[in-house]
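*Asks:* Following this message is one structure expressed as structure tokens.
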Amino acid sequence: MAGGVRRPDGAGGSQRPQRTETGSAGPAIGAVSGIWCERTVYRSVHADEVASWTFLAVDTPLRAVGVITADARRLAAGLRGRAGARALRAAADAGRLGAVAALHRGEPCGLALTCAGTWVEWSATPVLFLPVVSGTGLRCRGRDDPAGGFGVAAPR
């Protein structure tokens, strides 16, 4: 994983999200910090048409990098020959320590692979989840939740 996702067409990169000041009072009451993870699969290496998109909200940078790396390995394991070996190397040597450090600093990170003529991007962005009035909505997966990842189970 690296500190930015770069697509073959040159889009993406090291753009940082705009930060807003919360004032001296600090973050909103009841807000929970977490990591918003996404996987986008494009139909071609030109990243011109989205084939699928999914997300996962997790509680820590380490968990975010872990689920992204595990998902990339699952995808790479399904490829044969040199393409599979190259994708497995990229998933294994993805700069996990740097990615975890970037997330701790409040910076997004990502991983991109070409697989069987498609382009796959994973991204992780630190966020602040705000409570909703009804008490329903996303809940970050934490250490007490069963193991999961992209497409495994919807957040409770």
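The values are calculated or read from the model by the stated rules, or taken from the named source; none is laboratory data. Note that this is a predicted model, so its numbers are computed, not measured. Virtual Cβ from ideal backbone geometry, glycine too; neighbours counted across all protein chains shown. Just the protein is used for accessible areas: all its heavy atoms, side chains included, with ligands, DNA and RNA removed. Shrake-Rupley method; radii C 1.70, N 1.55, O 1.52, S 1.80 Å.
*Asks:* Heavy-atom accessible area per residue, region 31-75, 1.4 Å probe: how many Å²?
*Replies:* Dividing the accessible area of region 31-75 by its residue count gives 46 Å².
*Asks:* Using 1/(1 + (r/R0)^6) with R0 = 35 angstrom and r between the beta carbons of ILE29 and LEU97, what's the FRET efficiency to the nearest 0.05?
*Replies:* With R0 = 35 Å, the Cβ-Cβ based efficiency is 0.55.
*Asks:* Now for a different question. Starting from the Cα-Cα distance between VAL132 and ARG74, subtract it from 0.36 nm times their residue separation and give me the gain in nm to one decimal.
*Replies:* Roughly 17.4 nm would be gained on extension.
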